[in-house]
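The values are calculated or read from the model by the stated rules, or taken from the named source; none is laboratory data. Remember, predicted model here, so these are calculated numbers, not experimental data. Positions of Cβ are generated from backbone atoms using ideal geometry, with glycine treated the same way; all protein chains shown enter the neighbour counts. Surface accessibility is based on the protein's heavy atoms, side chains included, excluding ligands, DNA and RNA. Shrake-Rupley method; radii C 1.70, N 1.55, O 1.52, S 1.80 Å.
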Amino acid sequence: MKRTRAFEDVLAQIERRIAEDGLTVGDRLPGERQLAEQLGVGRSSVREALRVLETLGVVSSQVGRGPDAGAVLTSRPDTALTDLLRLNLGLATLEQREVVDARLMIERWSAAHAAATTRAGVAELAAAIEGMDRAATAEEFVEHDTAFHCAIADASGNRLIAAIMRSLRDAMRRNAIEAVERLGDPSVLRADHERIRAAIAAGDPEEAQQAVTDHLAHAYPALFPGH
């Protein structure tokens, strides 16, 4: 228990240090020895805390001495979240219904927010649609389809929402490919994407939300009976 408390305390102190020192992406934390001395704990506790932070995508470990020592703050919290979601999907602890429901809530909010406040991301949405038109395989179509939906989340201006959306899409990539293959002709999905883009460009939140709902119903008809 003592080691656990020390480890948790180190995590809390490192988080406090990041906030108080105004550290941001690309900045470097002190090396293990220096952190241990500054925090008054053993190097093993510091090492364990940094390992957890690296797994979470908060820092990237650097091997070296002097100015090259210490972990660098990164901006990839979605990487660990993607791995966690993929593992839970693989273990069947999360059902497809739950993931699609999460997408529905996130994308309806993101599309409405983009349409109502910024109308941002329209160029990115159009570029993704063009990529879908050129796609020769289901895999290529899903690649641009993912870019389209992530652009909606980016346009919302909420970085956490954007990270969650990327994680959901990455974890569901295989399912998305199967959905496109099941449809055979992706023209319906392509039309849905254009409808969403047009609603955001026109600044129509309600239409953007409805377009997202209809799109997911077309992609996953078994989950939207009677739609």
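Key figures
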item	result
Close pairs from the range 20-38: first closer than 15 Å to G57 by Cβ, partner surrounded by 10 or more Cβ atoms within 10 Å (Cβ to Cβ), Cβ under 6 Å, at least 6 apart	V25/L73; V25/S75; L29/G70; L29/A71
Members of the range 180-227 that are more than 17 Å from A155 (Cβ to Cβ), of a type in the set (S, T, N, Q) and at pLDDT 95 or above	Q210, T213
Residue under evaluation D133, criteria (1) touching a residue at least 40 places away in the same chain (Cβ under 8 Å); (2) over 21 Å from the mean Cα position of the chain (by Cα); (3) within 15 Å of L216 (Cβ to Cβ), criterion not met	(3)
Filtered residues of the range 180-213 (kept if within 16 Å of I106 (Cβ to Cβ) and either touching a His at 6+ places or on another chain (Cβ under 8 Å) or touching a residue at least 12 places away in the same chain (Cβ under 8 Å) (or both))	I196, I200, P205, A208, Q209, A211, V212, T213
Helices (runs of 4 or more DSSP H) lying entirely in the range 54-170 (those with 3 or more residues that are at pLDDT 90 or above)	96-113, 122-134, 138-155
Considering residues of the range 136-160 that are open to solvent by 10 Å² or more (accessible area, probe 1.4 Å) and of a type in the set (V, I, T) only, the residue nearest to the chain's Cα centre (by Cα)	T146
Subset of the range 189-217 (residues that are open to solvent by 70 Å² or more (accessible area, probe 1.4 Å) and under 25 Å from E140 (Cβ atoms))	R190, R195
Subset of the range 28-41 [surrounded by 14 or more Cβ atoms within 10 Å (Cβ to Cβ) and not in a helix (DSSP H, G or I)]	R28, L29, P30, G31, V41
Conditions (1) open to solvent by less than 50 Å² (accessible area, probe 1.4 Å); (2) closer than 19 Å to Q96 by Cα; (3) not β-branched (V, I, T): number failed by P186	(2)
Filter result for E178 (within 18 Å of G121 (Cα to Cα) and not polar (S, T, N, Q))	no
